[in-house]
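FYI, it's all coordinate maths here, none of it is from the lab. In this text, all values refer to a predicted model and were calculated from it rather than measured experimentally. Every residue, glycine as well, gets a Cβ built from its backbone with ideal geometry; the counts of neighbours run over all protein chains shown.
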Amino acid sequence: MRKIIIAIDGYSACGKSTTAMMVAERLGYTYIDTGAMYRAAALYFHEHYVSLDNPHEVHKAIEQIQIQFHINSKTRRSETFLNGLNVENDIRKMHISEMVSEISAIPELRKHLVEQQRKMGKKKGVVMDGRDIGTVVFPEAELKIFMVADLYTRAHRRQLELLEKNQIVGIDEIIENLKKRDLLDTTRAESPLRKAQDAYQLDSTYITIEEQVDFILHLAMAKIMERTENVNTHERSN
Ligand code: DC
């Protein structure tokens, strides 16, 4: 079977990461959470007091940022490493969510991370989630999904996720954060969040994670068969 690239884009807290991770696991593909890469960069900026108004400092910081993913052998979940340190918990904290959209709008940072993302997906067999995967990182991805959900549902899900990490945050604060990030993500000059023309829209408001995963797997299998047939036909005719 030939491998494909699955791009999952959409608004914050629509369930992209969990869905993408499960789809990757079922297909034996690699899961890449590009939001975690922007979050890790935001953490670096925060910890090194990088001034966003100083292009020299920003440039120097970007050069220092190395991000990798490793699978935790116990949980079997992918975890984010920044310059060799596991930052998976730190990057999910509310103060990072507050600053990440502003930092992810920096063109030089996007260029740097998009290059890394393209390298990670070069051999295909990846499920990558983010905001610009189907439009900018892999416009040629065989399968593109654009996820949406009702704002209150998204906020409620994010609140539960934070609670699981012992962070108690009020629903109003989360709603405000999501609204602010939606606005910044969709209106920024560089690679704004938008649905690719050939993406399938998936509204996760009233469906379960299992249903989301099945919807994507169904489409993925059709695309994998299509690609396998195309490659075989091409090879036979040569
Ligand atoms: O998916 P997330 O909430 O963890 O993403 C964190 C932020 O990173 C989000 O506010 C927008 C940004 N982001 C981006 O600009 N491009 C991506 N491909 C992924 C995330």
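With axes computed from alpha carbons, what is the tilt in degrees of helix 171-187 against the longest principal axis of the chain, rounded to the nearest 10 within 0 to 90?
The angle comes out at about 60 degrees.
Does region 195-236 classify as rounded, prolate or oblate by the C-alpha gyration tensor (a ≥ b ≥ c root eigenvalues; a/c under 1.5 gives rounded; else a/b over b/c gives prolate, otherwise oblate)?
Oblate is the answer for region 195-236, as a/c is 1.5 or above yet b/c matches or exceeds a/b.
For K74 and I207, calculate 0.36 nm times their separation in residues minus their Cα-Cα distance, and state this gained length in nm to one decimal.
Full-extension gain reported as 45.0 nm.
If you average the sequence gap of Cα pairs under 8 Å that are 6 or more apart and divide by the length of the chain, what percent do you get for the contact order?
Taking the mean separation of contacting Cα pairs over the length of the chain, I get 34 percent.
Going by C-beta contacts inside 10 Å, put R181, R188 in order with the fewest on the left.
Taking fewest neighbouring Cβ atoms as first place, the list is R188, R181.
Which value, in Å to one decimal place, does the Kirkwood hydrodynamic radius take for region 40-169 when every pair of different Cα atoms is included?
It works out to 16.6 Å.
Using the Kirkwood radius built from alpha carbon pairs, what does the Stokes-Einstein equation give as D for the chain at 25 °C and 0.890 mPa s, in µm² per second?
This corresponds to a translational diffusion coefficient of 132 µm²/s.
Given +1 on the Cβ of Lys and Arg, -1 on the Cβ of Asp and Glu, and no further charges, what dipole in debye does the chain carry about its Cα centre, rounded to the nearest 20?
680
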